[in-house]
Amino acid sequence: MIENKGWRFDERELKYIKEVLDSGFAAATAGSMCQRFEKRFAEKVGAKYGVCFNSGTSTMHSCLAAAGVGPGDEVIVPAFGVIMTANVVLHQNAVPVFADVSEDTFNIDPKDVERKITSRTKAIIPVSLYGLPADFDPLMELAGKHNLAVIEDDAQAVLATYKGRTTGSIGHMASFSFENSKHLTTGDGGMVTASDEQLARKVRKHGSQGFCTIGAGEGRIKLDKDIFQDPDFKRHDMFAWNYRMPEVAAAVGLAQLEKAEFFVGLRQKIAAMYADAIKGCGWLIPQYVPEGYTNAYWTYAARFEGQQIGIPWKEFRKKYIEFGGDGIYAAWSVVYLETVYQTGNFYGKGCPVHCPLYKGKVRYEKGLCPTAEAIQPKVMQFVNNYSSTQEAEPKVEALRKTIKHFGG
């Protein structure tokens, strides 16, 4: 089989890119492609505002800034997942507080979140891991009770649904990623959605150098030449960063968005094929999808319990590849057990290692989140990003053969 690496792109991307080039390759502060992408993405997920970014990390950083998170504040994040969700907290000189996860869904456990809330807690970042929405209702209830911001990390969960609501429309703000492996891609990039005008404006300003002329729904800064060209005009009223998405990337994103249902639907179909392949195998347990949830299946994930009957994780993966599988991705290390957290070699010299408030008091040690630590070595992630169910079928068949080989 010849791999079709360009299957995700067609004439629509080329059409919108040409529009940008024909316009003179305008910057995001002057052009309109970002605005079009933002507006349609926000409409798609059911939010009032969208803000384009250059990555799905800068999105969360700007959300934290918009929520007022600063030095010494605490932000609760899941222990199981990618490191960026915790690292953005450090970017604000704040303290990541790790909450444990559910053994079945792999998502953050609201009960442990509640246990971790203190007087210094400012925000919660629940991750919709592998495409499955976090359990938002109890988290939003806790947020209301303690005056916290909830920032959805939906990098892997475009068009997933939670009790009839689309991810990106539930928390106070939401972060999406358009890195190459995601449902929609701009090569790299991200989007924040929000329905509160003030939050959306703060998010946009933080990602666009703090220009005072920026609004919640308007990223262009040169709107009135009489004002902008005045020598007395003061442009910047806050400290901020340049996290803007280029217009040409937004052109690709706009075209990708027009195919969103197809991309998500295809991964869901392939996930159903994997689910059928492992049906009846008692030692390969799929990520649990509660009633009322829709999983967007960025990847198909399962908990491998074969070690209990003498099947090593690595041996299962090796045999799967022998049968024609694409390999099996392991889960990321529990975040606080990553080397950077164990050494305290963080960016800057602030919280939690060096500031007087926390110095010597924050310890990211083994045993902090026992469920996350228990499931991390077991989780298997099966490749789900194929051009068709026909391309996926040999990989699914390889999984059937592997399970059968080990007596499943």
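The values are calculated or read from the model by the stated rules, or taken from the named source; none is laboratory data. Every value quoted in this text rests on a predicted model; they were computed, and no experiment measured them. Neighbour counts are summed over all protein chains in view; Cβ atoms, including those assigned to glycine, are modelled from backbone coordinates with ideal geometry.
Quick check on the range 176-195: of everything there that is under 11 Å from G50 (Cβ atoms) and crowded, with 24+ Cβ neighbours inside 10 Å, which residue is farthest from the chain's Cα centre (by Cα)? Talk me through it step by step, then tell me what you get.
As a first pass, look at the range 176-195 and keep what is under 11 Å from G50 (Cβ atoms): 176, 190-195.
Subset that is crowded, with 24+ Cβ neighbours inside 10 Å: 176, 190-194.
Values: F176: 5, G190: 9, M191: 10, V192: 11, T193: 13, A194: 15 Å.
That would be A194.
Quick one: how many residues across the range 197-237 are under 23 Å from the mean Cα position of the chain (by Cα) and at pLDDT below 75? Before the answer, list the steps.
Going residue by residue through the range 197-237, those that are under 23 Å from the mean Cα position of the chain (by Cα) are 197-208, 216-217, 219.
Add one more test, that the residue is at pLDDT below 75, and what stays is 219.
Counting residues in the range 197-237 that are under 23 Å from the mean Cα position of the chain (by Cα) and at pLDDT below 75 gives 1.
Can you tell me which residue among S208, S175, S181, S195 is under 11 Å from V45 (Cβ atoms) and either of a type outside the set (F, W, Y) or outside the structural domain of N87 (by TED's automatic domain parsing) (or both)?
On the way: S208 fails: under 11 Å from V45 (Cβ atoms); S175 fails: under 11 Å from V45 (Cβ atoms); S181 fails: under 11 Å from V45 (Cβ atoms).
After applying the criteria, what remains is S195.
Would you confirm whether any residue within the range 309-325 is in a loop (DSSP other than H, G, I, E, B), within 30 Å of E38 (Cβ to Cβ), in contact with a helix residue (DSSP H, G or I) (Cβ under 7 Å, 6 or more places away or on another chain) and not aromatic (F, W, Y)?
Of the range 309-325, the ones in a loop (DSSP other than H, G, I, E, B) are 310-312, 323-325.
Keeping just the survivors that are within 30 Å of E38 (Cβ to Cβ) gives none.
For the range 309-325, residues in a loop (DSSP other than H, G, I, E, B), within 30 Å of E38 (Cβ to Cβ), in contact with a helix residue (DSSP H, G or I) (Cβ under 7 Å, 6 or more places away or on another chain) and not aromatic (F, W, Y): absent.
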Quick one: which of E179, E152, E141 is in contact with a His (Cβ under 9 Å, 6 or more places away or on another chain) and either of a type in the set (D, E) or over 22 Å from R204 (Cβ atoms) (or both)?
E152
Only one of (1) assigned to a strand (DSSP E or B); (2) on the phi > 0 side of the Ramachandran plot fails for G280. Which number is that?
(1)
Selection count, the range 151-175, where residues are more than 14 Å from the chain's Cα centre (by Cα) and of a type in the set (A, V, I, L, M):
1
Of the residues in the range 277-298, those that are among the polar types (S, T, N, Q) and within 23 Å of I403 (Cβ to Cβ) come to Q287, N295
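Being part of a loop (DSSP other than H, G, I, E, B), of a type in the set (S, T, N, Q) and either within 20 Å of G171 (Cβ to Cβ) or not assigned by TED's automatic domain parsing to the domain that holds V252 (or both): is that true of S62 here? Outline the logic, then answer.
Working: part of a loop (DSSP other than H, G, I, E, B): no; of a type in the set (S, T, N, Q): yes; either within 20 Å of G171 (Cβ to Cβ) or not assigned by TED's automatic domain parsing to the domain that holds V252 (or both): yes.
No; evaluated as a whole, the condition is false for this residue.
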For residues that are of a type in the set (V, I, T) and touching an Asp or Glu at 6+ places or on another chain (Cβ under 7 Å), tally how many sit in the range 315-374.
2
Among (1) touching a helix residue (DSSP H, G or I) at 6+ places or on another chain (Cβ under 8 Å); (2) surrounded by fewer than 18 Cβ atoms within 10 Å (Cβ to Cβ); (3) of a type in the set (G, A, S); (4) closer than 27 Å to A296 by Cα, where does G171 come up short?
(2)
Checking the condition within 21 Å of T167 (Cβ to Cβ) and crowded, with 21+ Cβ neighbours inside 10 Å, which residue from W332, W298 passes?
W298
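Among the candidates V82, V75, V88, which residue alone is touching a strand residue (DSSP E or B) at 6+ places or on another chain (Cβ under 6 Å) and assigned by TED's automatic domain parsing to the domain that holds V203? Even if it seems obvious, please write down each step before you answer.
Working: V82 fails: touching a strand residue (DSSP E or B) at 6+ places or on another chain (Cβ under 6 Å); V88 fails: touching a strand residue (DSSP E or B) at 6+ places or on another chain (Cβ under 6 Å).
Unique residue meeting the criteria: V75.
Hey, any hits in the range 93-107 for a residue that's closer than 30 Å to E218 by Cα and touching a residue at least 12 places away in the same chain (Cβ under 8 Å)? Explain how you work it out, then say what you get.
Just the residues of the range 93-107 that are closer than 30 Å to E218 by Cα, to begin with: 93-94.
Add one more test, that the residue is touching a residue at least 12 places away in the same chain (Cβ under 8 Å), and what stays is 93-94.
Taking every residue of the range 93-107 in turn, at least one turns out to be closer than 30 Å to E218 by Cα and touching a residue at least 12 places away in the same chain (Cβ under 8 Å).
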Are any of the residues in the range 109-124 outside the structural domain of I375 (by TED's automatic domain parsing), among the hydrophobic types (A, V, I, L, M, F, W, C) and either without any contact (Cβ under 8 Å) to a residue 12 or more places away in the chain or surrounded by fewer than 23 Cβ atoms within 10 Å (Cβ to Cβ) (or both)?
yes
What is the number of the single condition among (1) in contact (Cβ under 8 Å) with a residue 24 or more places away in the chain; (2) farther than 25 Å from A79 by Cβ; (3) outside any loop (DSSP other than H, G, I, E, B) that A271 does not meet?
(2)
Hey, could you check the range 196-219 for residues that are in contact (Cβ under 8 Å) with a residue 60 or more places away in the chain and within 17 Å of F233 (Cβ to Cβ) and say which is surrounded by the fewest Cβ atoms within 10 Å (Cβ to Cβ)?
F211
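Is there a residue being surrounded by 16 or more Cβ atoms within 10 Å (Cβ to Cβ), among the charged types (D, E, K, R) and assigned to a loop (DSSP other than H, G, I, E, B) anywhere in the range 67-89? If you could, list the steps in order and put the result at the bottom.
Pass one, the range 67-89, residues surrounded by 16 or more Cβ atoms within 10 Å (Cβ to Cβ): 67, 69, 72-89.
After this cut, where a residue has to be among the charged types (D, E, K, R) as well, the list is 73-74.
Those still in the list that are assigned to a loop (DSSP other than H, G, I, E, B) too: 73.
Scanning the range 67-89 turns up at least one residue that is surrounded by 16 or more Cβ atoms within 10 Å (Cβ to Cβ), among the charged types (D, E, K, R) and assigned to a loop (DSSP other than H, G, I, E, B).
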Which pairs turn up if I take residues in the range 236-249 that are closer than 18 Å to N54 by Cβ and look for partners that are part of a strand (DSSP E or B) and aliphatic (A, V, I, L, M) with beta carbon separation below 8 Å, at least 6 apart in sequence or on another chain?
none
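For the range 335-408, give me every one of the helices (runs of 4 or more DSSP H) that falls completely inside it and has 3 or more residues that are surrounded by 17 or more Cβ atoms within 10 Å (Cβ to Cβ). Steps first, answer last, please.
Numbers: elements: 339-343, 370-375, 389-405.
Passing ranges, in order: 370-375, 389-405.
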